[in-house]
1. Just checking, which of Thr329, Thr336 is buried (at least 16 other Cβ atoms within 10 Å of the Cβ), farther than 16 Å from Val377 by Cβ and in contact with a strand residue (DSSP E or B) (Cβ under 9 Å, 6 or more places away or on another chain)?
2. Quick one: count up the residues across region 111-144 that are hydrophobic (A, V, I, L, M, F, W, C), touching a strand residue (DSSP E or B) at 6+ places or on another chain (Cβ under 8 Å) and in a helix (DSSP H, G or I).
3. Can you confirm whether region 94-117 contains a residue that is touching a Cys at 6+ places or on another chain (Cβ under 6 Å) and closer than 20 Å to Lys354 by Cβ?
4. (1) open to solvent by 20 Å² or more (accessible area, probe 1.4 Å); (2) farther than 30 Å from Thr46 by Cβ; (3) part of a loop (DSSP other than H, G, I, E, B): which one isn't true of Ile313, the others all being true?
5. Is it fair to say Lys43 is within 18 Å of Gly254 (Cβ to Cβ), among the charged types (D, E, K, R) and touching a Ser or Thr at 6+ places or on another chain (Cβ under 9 Å)?
6. Looking at Leu345, Leu322, Leu369 in this structure, which one is open to solvent by 30 Å² or more (accessible area, probe 1.4 Å) and touching a helix residue (DSSP H, G or I) at 6+ places or on another chain (Cβ under 7 Å)?
7. Condition first: farther than 30 Å from Ile97 by Cβ and among the acidic types (Asp, Glu). Now tell me which residues in region 347-390 satisfy that.
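The values are calculated or read from the model by the stated rules, or taken from the named source; none is laboratory data. Just so it is clear, the model here is predicted, and its values are computed rather than measured. Every residue, glycine as well, gets a Cβ built from its backbone with ideal geometry; the counts of neighbours run over all protein chains shown. What goes into the accessible areas is simple: the full protein's heavy atoms, side chains included, and nothing from ligands, DNA or RNA. Shrake-Rupley method; radii C 1.70, N 1.55, O 1.52, S 1.80 Å.
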Amino acid sequence: MQKFIPYGKHKIFNSDLKEVKKSLKSNLISNGEYIKKFENSFKKFTGCKYALTCSSGTAAIHLALEAAGVKKFDNIIIPSINFIAAANLSKKIGANIFLADVDKLTGQMKPSDLINCIKKNNLKKIKVFFVMHNGGNAQYLKEFNRIKKRYKTILIEDACHALGGKYYDKKKSKVGSCKYSDMTTFSFHPLKSITTGEGGMVTTSNKSYFEKIKLLRNHGILRKKSTNTKNHWSYDVVMPGYNYRMSDINCALGFSQLKKINNFINKRKKIALYYSKKLKNFSSILQVPFCQKQLNSAWHLYIVNINFKKLKISKDTFINKLYKKKIITQVHYIPTFRQSAYKKLNKSKLINTKKYFDNSLSLPIFYDLSKNNQNWVINFKKKIFKEFEK
């Protein structure tokens, strides 16, 4: 009997369990050695100068905003297709949020979308703008870097989908190196490239951002190194902070998982290429991601665009038909301006956002997705196409 096929799923190996068990036997399971191990291995992998663990991808974004010095009434630009965390945190701070349109196929903001947002809203000063690598493909970073310099603003990469991905430069620099951005944030939620259960990371090559984030994630506490054992208890709170620490138990899992990152990405890449090969004959109805141009992608998601009007079937009906066959798909994401908390944000000319949302669908992609299950997804999609295309 066919079991449900989720759109995403984590993969835990025996070696991961052993590393976690090791951490549990160590003297410290918080503020211990595994934090350093994970951060150092992450720095080495991405090529950044500084890497800081934290309790979630959302915490990572919050720490980046705080390090950037975002305050009430500062202007922030966010792609209209994005997980809600960046908008929520910006709103909580009291910043002015401006939504940029996105590409109708990828759901990613293009440099032209960013410029249009700036001009349309007559923005003279921009404190921060986010780029979000929807699906795992990091595009246009050189161009975004030029815009960052032109407007003297701060660029934060929301790379929660893109660990293991690379930029489109000659050296194929890795996402997280901060070669083109000020800070990059990651999530280690179970559905991401690697998992720590829950957790996040901020990378940067800016020492002042690093030092500020290090303080903020631990209540703003500064402990001075002293050989005087009488003062080992002494500390100073130099700024109001948070408890955004990641435990050594979570770090041990991340440290072990990161060793397998290339294996994870290669498996996802194979799945993506197979989907594209098998679905290419339906190009009049369905557009697959441009695989050959996206070999640098981390393939967190496999997002297709389906012409539901031409198919003469609603998106909801299509999703429900797949669900009845135990295929779970997902939509990444509902546009921010469609959420009740953000309905007042200007949405009148975000035409491509609406097109993307109307047509996009994420198919199952994860390490243990078998060829049989992938064929189950492909064949049933083909069946629906043939039934409704007439």
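1. Working: Thr329 fails: farther than 16 Å from Val377 by Cβ.
Only one candidate qualifies: Thr336.
2. Here is the first cut: in region 111-144, the ones hydrophobic (A, V, I, L, M, F, W, C) are 114-115, 117-118, 123, 126, 128-132, 138, 141, 144.
Remaining after also requiring touching a strand residue (DSSP E or B) at 6+ places or on another chain (Cβ under 8 Å): 114, 117-118, 123, 126, 128-132, 138, 141, 144.
Restricting the remaining residues to those that are in a helix (DSSP H, G or I) gives 114, 117-118, 141, 144.
Qualifying residue count for the region: 5.
3. Yes - at least one qualifying residue is present in region 94-117.
4. (1)
5. Working: within 18 Å of Gly254 (Cβ to Cβ): yes; among the charged types (D, E, K, R): yes; touching a Ser or Thr at 6+ places or on another chain (Cβ under 9 Å): yes.
Here the answer is yes, as Lys43 does meet what is asked.
6. Values: Leu322 fails: open to solvent by 30 Å² or more (accessible area, probe 1.4 Å); Leu369 fails: open to solvent by 30 Å² or more (accessible area, probe 1.4 Å).
That would be Leu345, the only listed residue that is open to solvent by 30 Å² or more (accessible area, probe 1.4 Å) and touching a helix residue (DSSP H, G or I) at 6+ places or on another chain (Cβ under 7 Å).
7. The initial filter retains those residues of region 347-390 that are farther than 30 Å from Ile97 by Cβ, namely 363-390.
The answer is Asp368, Glu387, Glu389.
For (1) more than 24 Å from Ser284 (Cβ to Cβ); (2) in contact with a Lys or Arg (Cβ under 9 Å, 6 or more places away or on another chain); (3) assigned to a loop (DSSP other than H, G, I, E, B), each residue gets a yes or a no:
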| position | (1), (2), (3) |
| --- | --- |
| Asn320 | no, no, no |
| Tyr323 | yes, no, no |
| Tyr333 | yes, no, yes |
| Leu345 | yes, no, yes |
| Asp358 | no, yes, no |
| Leu361 | no, yes, no |
| Tyr367 | yes, yes, yes |
| Asn373 | yes, yes, no |
| Ile378 | no, yes, no |
